[in-house]
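The values are calculated or read from the model by the stated rules, or taken from the named source; none is laboratory data. Because the structure is predicted, anything quoted here is derived from the model rather than measured. A quick note on method: Cβ atoms are made from the backbone with ideal geometry, for glycine too, and the neighbour counts reach across all protein chains shown. Quick note on the areas: whole protein, heavy atoms, side chains included, nothing else; ligands and nucleic acids left out. Shrake-Rupley method; radii C 1.70, N 1.55, O 1.52, S 1.80 Å.
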Amino acid sequence: MGSGILGIWAMAWLTRIPPLPDCEDITAFSSASNRLICAQTEMQSGSARNLAQAIQLTANWPQNNPLQAEASPVLLEASQRLLKKATEKMHQGDLTTAVEWASEIPLDTPLRQTAQAAIWDWQQEWKKGASYEKTIQQAIASRNWGDADNSLQQLKLLASDYWLSKRHGDLQKAMQREQTAWAQIEEAQALANTGDPEKIGEALVMAQRVDLTSQAWKKAQEDIDRWSQNLLLYSFQRWELGDVEGAIATVQKVPPDPNLAPEARDLIRFSHAKQLADKVNQQWPGYMQLFHLMEAIRAVEHIGPDSTFYGAAQQSLTAWQAQLDDLRTLQFAHVVASFRQPWAFKYATQLAWAVEPERPRRLQAQTLIAHWEDEIERLEDRPYLLEANALAQKGTIEALQSAIEEARQVALGRALRIEAQTAIASWTNQIEVIQDQPLLNEANTLANEGNLREAIAVAQGIHEERALYKQAQSMIQDWTHTVQLREDRPILKEAEGLAYEGSLTRAINLASQIAPGRALYSEAQTAIALWEAEREYILFTRESESATTDYQDSDDQPWREEETTSQPPPPTSNDASNE
């Protein structure tokens, strides 16, 4: 038994798994197996640092090392992956890190030469890219757009994504920004050079749209300052002449500048305050309106008593403060009304009535009061319409009449009166359709059986102003047309036969029986006109022949055959009788 235990212990000792090495403390002097294990472990993380460590642990092993065959694939894969990461860094624009990582591939390793060649290519491309970039920036600064564009095209020929896309895109945007900025500045300069204050104001407004980060803005700053000073002087002149509104309108185009003189700052401050106050409309109260008024008040409060604009500022301050007080009341009322309950609308109305007739926001208060009173009426009358709609859903005459009676409880002048009347009109039409549809059905049945006159008589029982009147009239018109075709087509056919036989006068008289307004009247009139022209031609021919043959007996002409049937036509009438 003892020998059995000893055997089991020996087998366990021989097959036990050796402990893994501590890769944090691994060195070039560690055992080959430990270095290989740690290199494989470092490969799994995939970071550049760990890949470089794996390369160092597997590089330059002697050929007689029994584990060299296993270490070589690790060295090759780690080198490839590290070089790939270095290339990615280069494309991202971090050349320093890319070179540092590629340089981790040691001498006498498979990818050393490839890595060094890549480093050299990267550095050469970086020199070209930096040279192109400098040329582009200089061309942009001198507004030489042609040279800048040529260098941008050269930049696109480089292999690195950094130069090909990122730097090319950034520099192209910079050039476009400068081109746009200079175009705006030049247009503004052309306006300002006219000397017209209005044009100078337009120039300043245009200049304020220029990108502040552009070189054009920095170089044009002196012009912009000069335009601002000219416009300020003009504004002061308008003020001194009593044109306060004109002065304010002009100075609003001047951009704020802390370096302006106190008087100029006060005028600009006053104009901007008025601009804010003007944004407060007379419609719905809101927090933004309160904010605009408070900002306007705060702005003019900084205009001191020694300022030229103090009096006007104080006058506006008083008016704006009164507006602010009213607006606070109406804003609170608006918040209360937002609960959309009858008590809320009534309370909001009471609050708005506190804005007295002489107050600046009286008109706005009255508008809100009218709106809230309408809302109260809507809440009060809505149940009538809801009940009416529910009744009308059944679609019977009795139900629709009940719905109409319910909707009529919305009195004249109430907010929902139009909606109620619209519904009543619709339900009235539905009742009329239900009542008159049997008549139309009966008329259709008669028409389908061929009894068109009876069908017309039945359809005429639907009187004007009824819902189906237009439909009935359309059907009556179609049936009448068909009846007239049936009645008049034989007459026209007989007239055509007479005309074909040469009896033109009889044909004309017969076709004339088709009265105006009937279905075939136009067709009959066309035929009559044709036959009359033919008859006139024959008459003309006969008269010409009579002049040469002294033949005067025109009563026996074939075209008058119906009038002289007792006498045979003369021999010379054969052609006419065949008309």
>> So, taking all protein chains as they sit and a 1.4 Å probe, how much accessible area belongs to ASP325, in Å² rounded to tens?
In response: 70 Å²
> Restricting attention to segment 334-397, which chymotrypsin sites (Phe, Trp or Tyr not before Pro) occupy a DSSP loop and are surrounded by at most 12 other Cβ atoms within 10 Å?
Replying inline: PHE339
> Under a plain spin-label model, where a point goes 7 Å from the Cα along Cα-to-Cβ, how far apart in nm are ALA190 and GLN113?
Replying inline: 6.4 nm
>> Around THR194, under 13 Å between beta carbons, what's the net of Lys plus Arg minus Asp minus Glu among the other residues?
In response: -3
> At a probe size of 1.4 Å, how large is the accessible area of LEU107, to the nearest 10 Å²?
Replying inline: 110 Å²
>> Could you compute how much accessible surface ASP306 exposes when probed at 1.4 Å, giving the result in Å² to the nearest 10?
In response: 140 Å²
> Based solely on its DSSP helices, what 222 nm [θ] is calculated for the chain when runs of n ≥ 4 H residues each add -39,500 (n - 2.57) and the sum is averaged over all residues, nearest 500 deg cm²/dmol?
Replying inline: -24000 deg cm²/dmol
> Once the dipole of the chain is set up with Lys and Arg at +1 and Asp and Glu at -1 on Cβ about the Cα centre, which of GLY46, LEU267, GLN92 lies farthest towards its positive end?
Replying inline: GLY46
>> Around ALA467, under 15 Å between beta carbons, what's the net of Lys plus Arg minus Asp minus Glu among the other residues?
In response: -2
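Would you mind getting me the FRET efficiency between GLN179 and GLN237? Use the beta-carbon distance for r and R0 = 51 Å, nearest 0.05. Don't skip to the answer; put the middle values down first.
Working: r = 37 Å, r/R0 = 0.73.
Calculated value: 0.85.
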> Placing +1 at every Lys and Arg Cβ and -1 at every Asp and Glu Cβ, with all other atoms neutral, what dipole size does the chain have around its Cα centre, in debye to the nearest 20?
Replying inline: 4440 debye
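If I compute solvent accessible area with a 1.4 Å probe over the protein chains, what percent of it on the chain is carbon and sulfur? Before the final figure, lay out each step's value.
On the way: 17550 of 33630 Å².
Here carbon and sulfur together make up 52 percent of the probe-accessible area.
Full extension from GLU380 to ARG340: what is 0.36 nm times the residue separation minus their Cα-Cα distance, to one decimal in nm?
13.2 nm
How much area per residue is accessible in the chain when the probe is 1.4 Å and only protein heavy atoms are counted (Å²)? Numbers along the way, then the final one.
Details: 33630 Å² over 579 residues.
Roughly 58 Å² per residue, with all protein chains present.
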>> How much length would be gained if the chain were fully extended between THR213 and HIS371, taking 0.36 nm per residue of separation minus their Cα-Cα distance, in nm to one decimal?
In response: 51.9 nm
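For a Förster distance of 41 Å, can you work out the FRET efficiency between the beta-carbons of ALA529 and GLU465, rounded to the nearest 0.05? Intermediate values should be presented prior to the final figure.
Details: r = 42 Å, r/R0 = 1.02.
With a Förster radius of 41 Å, E is 0.45.
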>> What whole-number distance in Å separates the alpha-carbon centres of segment 475-498 and segment 166-233?
In response: 83 Å
>> Report the gain in length on full extension from TYR347 to LEU412: 0.36 nm times residue separation, minus Cα-Cα distance, nm rounded to one decimal.
In response: 20.9 nm
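With a ≥ b ≥ c taken as the square roots of the eigenvalues of the C-alpha gyration tensor of the chain, please select rounded if a/c is under 1.5 and otherwise prolate if a/b is larger than b/c or oblate if it is not? Please list the in-between numbers first.
Numbers: a/c = 2.14, a/b = 1.69, b/c = 1.27.
Verdict is prolate for the chain.
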